[in-house]
1. Which of the residues spanning the stretch 55-69 are without any contact (Cβ under 8 Å) to a residue 40 or more places away in the chain and either under 14 Å from residue 33 (Cβ atoms) or in contact with a helix residue (DSSP H, G or I) (Cβ under 6 Å, 6 or more places away or on another chain) (or both)?
2. Could you tell me which of the residues 314, 266 is assigned to a helix (DSSP H, G or I) and assigned by TED's automatic domain parsing to the domain that holds residue 181?
3. Just checking, does the stretch 274-281 include any residue being assigned to a helix (DSSP H, G or I), touching a helix residue (DSSP H, G or I) at 6+ places or on another chain (Cβ under 7 Å) and either in the same structural domain as residue 217 (by TED's automatic domain parsing) or closer than 26 Å to residue 111 by Cα (or both)?
4. Among (1) over 26 Å from residue 72 (Cβ atoms); (2) buried (at least 18 other Cβ atoms within 10 Å of the Cβ); (3) not assigned by TED's automatic domain parsing to the domain that holds residue 61, where does residue 174 come up short?
5. What's the number of the only condition in (1) surrounded by 15 or more Cβ atoms within 10 Å (Cβ to Cβ); (2) in contact (Cβ under 8 Å) with a residue 24 or more places away in the chain; (3) outside the structural domain of residue 221 (by TED's automatic domain parsing); (4) out of contact with any strand residue (DSSP E or B) (no Cβ under 6 Å at 6 or more places or on another chain) that residue 88 fails to meet?
6. Restricting attention to strands (runs of 3 or more DSSP E) lying wholly within the stretch 110-195, give those where 1 or more residues are touching a residue at least 40 places away in the same chain (Cβ under 8 Å).
7. Need the failing condition index for residue 240 against (1) part of a helix (DSSP H, G or I); (2) under 20 Å from the mean Cα position of the chain (by Cα), just the number.
8. Considering only residues that are more than 24 Å from the chain's Cα centre (by Cα) and surrounded by fewer than 16 Cβ atoms within 10 Å (Cβ to Cβ), which ones fall in the stretch 249-263?
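The values are calculated or read from the model by the stated rules, or taken from the named source; none is laboratory data. Fair warning: this is a prediction, and the values are worked out from it, not measured in the lab. Heads up, the Cβs are rebuilt from the backbone with ideal geometry, glycines too, and the neighbour counts pull from every protein chain shown.
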């Protein structure tokens, strides 16, 4: 009996070769992709991306497998997009704002008041994919950041102005290029540092506050120092999923479809997760003794408008023409919504 099975296998292999196909089992064709995260992998902000990877490994089993290489400890954050461009790693999951120097159009994500689904519907995802392919040899898949928002946090109780705004003149706060317009309007001294450096910067007194998103704050240990969170939220996230373009092109059509469909489907999952996580993080911060300071009236309106007015204007300083900025604004911003109002918020 064993001999018959063996001969049958040989005959089947010969028949497959004669047809021009490979006798290799389907699972041997599985392609492994390495992913890098812009901030420590275990942080809450990466939860939707981690879950997406699990789903790809399940749904696309036998076709695609994604492995996590690590975060900044594996490849420093400021080198990660170059690693994607050169094919050192295949996938990047993380902040868009770190790479506005290479793909300035990414700043539209931070100026947007639309969900990732709305951005995709209106052509935003296709636009960014074009720019990524042209500029950094990468394929843009999705935006997992429109569900979270940005806020300012300080060590000392901030001074409020007579019109209900906030006075932060001369305060040194962590920020990146995406915060620049608001910081300039408020007279904040911006200190550009990556996430892993924030704790020590607070501890050493290098900064007196932090600009960050409404999650991963307690887990990062910053509530040991920051005791006030300033509302309203003024900006939403830009957490992107991109892939080395050459690696993408090397996949067959079935692999590409399974991978892209799974990633895009999880945009909505990420949106819902972050909207719910905002409430959970606020409760955790309150339990840690962090007080919420809410701006009111005209001061609140000025605070929100200062970000929007400056943010889109600053994009011209990144090398984009006024017409290019206007084209992005048309796709990513709904002018019928007041500043600070985000769909789904």
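1. First, pick out the residues of the stretch 55-69 that are without any contact (Cβ under 8 Å) to a residue 40 or more places away in the chain: 57-58, 61-62, 65-69.
The answer is 57, 61, 62, 65, 66, 67, 68, 69.
2. Working: 266 fails: assigned by TED's automatic domain parsing to the domain that holds residue 181.
Sole residue among the options that is assigned to a helix (DSSP H, G or I) and assigned by TED's automatic domain parsing to the domain that holds residue 181: 314.
3. Initial filter on the stretch 274-281 (assigned to a helix (DSSP H, G or I)): 274-281.
Next cut, touching a helix residue (DSSP H, G or I) at 6+ places or on another chain (Cβ under 7 Å) only: 277.
Next cut, either in the same structural domain as residue 217 (by TED's automatic domain parsing) or closer than 26 Å to residue 111 by Cα (or both) only: 277.
There is at least one residue in the stretch 274-281 that is assigned to a helix (DSSP H, G or I), touching a helix residue (DSSP H, G or I) at 6+ places or on another chain (Cβ under 7 Å) and either in the same structural domain as residue 217 (by TED's automatic domain parsing) or closer than 26 Å to residue 111 by Cα (or both).
4. (1)
5. (2)
6. Details: elements: 138-143, 149-154, 172-174, 189-191.
Hits in the stretch 110-195: 138-143, 149-154.
7. Among (1) part of a helix (DSSP H, G or I); (2) under 20 Å from the mean Cα position of the chain (by Cα), residue 240 violates only (1).
8. 250, 252, 253, 254
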